[in-house]
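The values are calculated or read from the model by the stated rules, or taken from the named source; none is laboratory data. Here the structure is a predicted model, which means the values were calculated and not measured. Here Cβ is always computed from backbone atoms with ideal geometry, including for glycine, and neighbour counts include all displayed protein chains.
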């Protein structure tokens, strides 16, 4: 009888050890995958900015092989360089940086389950850094990535949007609130001729939407 009880105890100990190892493994995977996702997003931002920078140098200083002189396209009315960077199979149309939450992420042109699992996407509006209100959406993974920390943002915090031409615009938050996931009035609001953005994501309990309004500084 004592031997049987010992076997049961050993079995329980083994089960507990296995459960602990599973939890440790899950946490390790969770934090490592979050770290990788953040690094990939930051590297995409850097690649995007480098693509624009290289193009600008090329446009400003193309040497004519025949004359040996440098052609300055920008002074001759040449078009401005635009980035053609892609990320996770989607076209990057810009980047977003939020110092308060230490966010640096690509902005892609389509909203799909896959695109907003890997980046920020444009949902509605005239486009990045255009007159009017452009809505940007991303997941709240509750792990510090993408819009997970939007709940920490306050009125006065800055958001920086860089578009495909390399134009970087500073926006200042002036309103934050939660609303029903059926409410879309924030997207269609009148900006009175100003450049504005709206950040939209689900709340931590996924019951509502957290919406943030910001206008060009």
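The set of residues in the stretch 93-113 that are closer than 12 Å to residue 136 by Cβ and not in a strand (DSSP E or B) comprises 109, 111. Close contacts from the stretch 74-99, counting a first residue that is more than 30 Å from residue 212 (Cα to Cα) and a second that is at pLDDT 60 or above and part of a loop (DSSP other than H, G, I, E, B), with Cβ to Cβ under 8 Å and a gap of 6+ residues or different chains, come to 80/165; 80/166; 81/165; 81/166. Looking across 21, 53, one residue alone is at pLDDT 80 or above and assigned to a helix (DSSP H, G or I). It is 21. For the structure I just gave you, tell me whether residue 60 is at pLDDT 85 or above, surrounded by 15 or more Cβ atoms within 10 Å (Cβ to Cβ) and over 13 Å from residue 143 (Cβ atoms). Considered against the rule, which asks whether it is at pLDDT 85 or above, surrounded by 15 or more Cβ atoms within 10 Å (Cβ to Cβ) and over 13 Å from residue 143 (Cβ atoms), residue 60 comes out as no.
Tallying residues that are closer than 23 Å to residue 92 by Cα and touching a helix residue (DSSP H, G or I) at 6+ places or on another chain (Cβ under 9 Å) within the stretch 135-167 yields 19. Residues in the stretch 100-119 that are surrounded by fewer than 16 Cβ atoms within 10 Å (Cβ to Cβ) and at pLDDT 95 or above: 100 only.
Being under 21 Å from residue 210 (Cβ atoms) and touching a helix residue (DSSP H, G or I) at 6+ places or on another chain (Cβ under 8 Å) is a property that residue 121 has. So, in the stretch 87-97, exactly how many residues are crowded, with 24+ Cβ neighbours inside 10 Å and over 8 Å from the mean Cα position of the chain (by Cα)? Number of matching residues: 1.
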